[in-house]
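Enquirer: Pasting a structure below so you can have a look.
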């Protein structure tokens, strides 16, 4: 048994990428979105200038930067309070976040365009 434990520990130490994979996947086919390998979504994550079409994003994304990205048809759940969506394509985004677009300084003064695009009413 001691030998088996030693083998498991060796694999865990030598292959952390296998055990701790952090990528952003597409919800429609499960494929990793190119350029997101090793990115773990979380507070303040930098996802600007990326093609995140059909991305599956969840958890705490407060203060995340999505500026100049393409989030078309993405699914976003969790907290995105104060996230930067300036110049972001949001057509077809499915937002099921409990805290959405509150007091973001990066949003235009009249944010009705994003409310219409993502289905807020």
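Enquirer: So in segment 77-111, with the set limited to residues that are modelled with pLDDT of 90 or more and in a strand (DSSP E or B), which one is nearest to residue 50 (Cα to Cα)?
Expert: Across segment 77-111, the extreme among qualifying residues is 89.
Residue-by-condition table, conditions (1) modelled with pLDDT under 95; (2) closer than 20 Å to residue 94 by Cβ; (3) not in a loop (DSSP other than H, G, I, E, B):
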residue: 6; (1), (2), (3): yes, no, yes
residue: 12; (1), (2), (3): yes, no, yes
residue: 34; (1), (2), (3): no, no, no
residue: 49; (1), (2), (3): no, no, no
residue: 53; (1), (2), (3): no, yes, no
residue: 62; (1), (2), (3): yes, yes, no
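Enquirer: Among (1) at pLDDT 90 or above; (2) in contact with a strand residue (DSSP E or B) (Cβ under 8 Å, 6 or more places away or on another chain); (3) crowded, with 19+ Cβ neighbours inside 10 Å, which single condition is residue 43 missing?
Expert: Failing condition for residue 43: (3).
The values are calculated or read from the model by the stated rules, or taken from the named source; none is laboratory data. Just so we're clear, the structure is a prediction, and the values are computed from it rather than from any experiment. Every residue, glycine among them, receives a Cβ derived from its backbone with ideal geometry; neighbour counts consider all protein chains shown.
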